[in-house]
Amino acid sequence: MKVKKELLQAFLDKYSISTAILAQEMCVSQAEIEKLLNGETVSEETARRFVYYFGADESAKMIDWSAMGKENPFTEKR
């Protein structure tokens, strides 16, 4: 999974959360959070914990679907 790093950084800035604190709250390594902020792919376990931490709606907005070659499954089709 990849995320829109600017949205994740905006979240961290808004709530004054460090990468270490977010990693601790998500129960992942700080290196995994750094990967997200660098636009890198993270493990499936980190992806699951990300969705659990942020919830389906918010995480769907933050996931960079196009960078992964996927279509956002939560986008309404007309």
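The values are calculated or read from the model by the stated rules, or taken from the named source; none is laboratory data. Remember, it's a predicted structure, so these values are computed and weren't measured experimentally. Please note: Cβ atoms are built from the backbone with ideal geometry, for glycine as well, and neighbour counts cover all protein chains shown. Please note that ligands, DNA and RNA were not included when accessible areas were found on the heavy atoms of the full protein model with its side chains. Shrake-Rupley method; radii C 1.70, N 1.55, O 1.52, S 1.80 Å.
Between a first residue in region 41-54 that is touching a residue at least 12 places away in the same chain (Cβ under 8 Å) and farther than 14 Å from Lys4 by Cα and a second residue that is of a type outside the set (Val, Ile, Thr) and assigned to a helix (DSSP H, G or I), which pairs have beta carbons less than 7 Å apart while being 6 or more apart in sequence or on different chains?
Going by the 7 Å Cβ cut-off, the qualifying pairs are Thr46/Glu32; Arg49/Met26; Tyr53/Glu25; Tyr53/Met26.
Filter region 1-20 down to the residues that are surrounded by fewer than 17 Cβ atoms within 10 Å (Cβ to Cβ), aliphatic (A, V, I, L, M) and not in a helix (DSSP H, G or I) and list them by number.
Residue satisfying the conditions is Ile17 alone.
Being of a type outside the set (Asp, Glu), within 19 Å of Lys70 (Cα to Cα) and out of contact with any Asp or Glu (no Cβ under 6 Å at 6 or more places or on another chain) is the filter here, so list the residues in region 9-54 that pass it. Full working, then the answer.
To start, the set of residues in region 9-54 that are of a type outside the set (Asp, Glu) comprises 9-12, 14-24, 26-31, 33, 35-39, 41-43, 46-54.
The next check asks that each one be within 19 Å of Lys70 (Cα to Cα); those that pass are 36, 39, 41-43, 46-48, 50-51.
Leu36, Gly39, Thr41, Ser43, Ala47, Arg48, Phe50, Val51, listed by residue number.
Hey, could you check region 21-78 for residues that are of a type in the set (Lys, Arg) and modelled with pLDDT of 95 or more and say which is most open to solvent (accessible area, probe 1.4 Å)?
Arg48
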